[in-house]
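Participant: Here's a structure for you.
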Amino acid sequence: MGTNRYSTGKVAAIGLGRGGEMVRQIDGTAESGLAAAILFGAPPLAQSEPRTLALGSVAHLAAAGGDVYDRAWQSVIEFLKEHLT
């Protein structure tokens, strides 16, 4: 990563469902080094984490219809831009 000209050297993890739980566990360790964590469908966070974005499941977001799904992905993109640049 350090030699890739497109890399900022920061890492994000995205987890869906049980993968969200894994990302939450990794993010909870001091040595994780994650700049951002995105959780889809994981149980709600007990407290707000500034580098963690928790969303509903992808299926739930898609079923909500309207702009909900699109707005969720737009928030993911903005969150990653904020934390990885």
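Participant: Between helix 68-84 and the chain, what is the angle of the helix's C-alpha long axis to the longest principal axis, kept within 0 to 90° and rounded to the nearest 10?
Facilitator: Tilt of helix 68-84: around 10 degrees.
Participant: Let a ≥ b ≥ c be the square roots of the eigenvalues of the Cα gyration tensor of the stretch 20-65; is it rounded (a/c under 1.5), or, if not, prolate (a/b larger than b/c) or oblate?
Facilitator: Working: a/c = 2.50, a/b = 2.33, b/c = 1.07.
Prolate, since a/c reaches 1.5 and a/b exceeds b/c.
Participant: Given only helices, namely DSSP H runs of n ≥ 4 each adding -39500 (n - 2.57), what is the per-residue ellipticity at 222 nm of the chain, to the nearest 500 deg cm²/dmol? Could you put the intermediate results ahead of the total?
Facilitator: Details: 3 runs with 33 residues, N = 85.
After summing the helix terms and dividing by residue count, I get -12000 deg cm²/dmol.
Participant: Another question about this same structure. Rounded if a/c is under 1.5, else prolate if a/b is larger than b/c, else oblate: which is the stretch 39-85, with a ≥ b ≥ c the root eigenvalues of its Cα gyration tensor?
Facilitator: oblate
Participant: Here's something else I'd like to know. Defining a contact as two alpha carbons under 8 Å apart and six or more residues distant in sequence, what relative contact order in percent does the chain show?
Facilitator: Details: 117 pairs, mean separation 22.5, N = 85.
It rounds to 27 percent for the chain.
Participant: Of the heavy-atom accessible surface of the stretch 7-58 (probe 1.4 angstrom), what whole percent is carbon and sulfur?
Facilitator: Carbon and sulfur together cover 58 percent of it.
Participant: Compute the accessible area per residue over the chain, keeping the other protein chains in place, probe 1.4 Å, unit Å². Write down the numbers at each step before the final one.
Facilitator: Numbers: 5660 Å² over 85 residues.
Roughly 67 Å² per residue, with all protein chains present.
Participant: Please label the shape of the chain as rounded, prolate or oblate, based on the square roots a ≥ b ≥ c of the eigenvalues of the alpha-carbon gyration tensor (a/c under 1.5 means rounded; beyond that, a/b larger than b/c means prolate, else oblate).
Facilitator: Values: a/c = 2.27, a/b = 1.38, b/c = 1.64.
Oblate is the answer for the chain, as a/c is 1.5 or above yet b/c matches or exceeds a/b.
The values are calculated or read from the model by the stated rules, or taken from the named source; none is laboratory data. Model, not experiment: these values are computed from the prediction. Heads up: the accessible areas ignore ligands, DNA and RNA and are worked out on the full protein's heavy atoms, side chains in. Shrake-Rupley method; radii C 1.70, N 1.55, O 1.52, S 1.80 Å.
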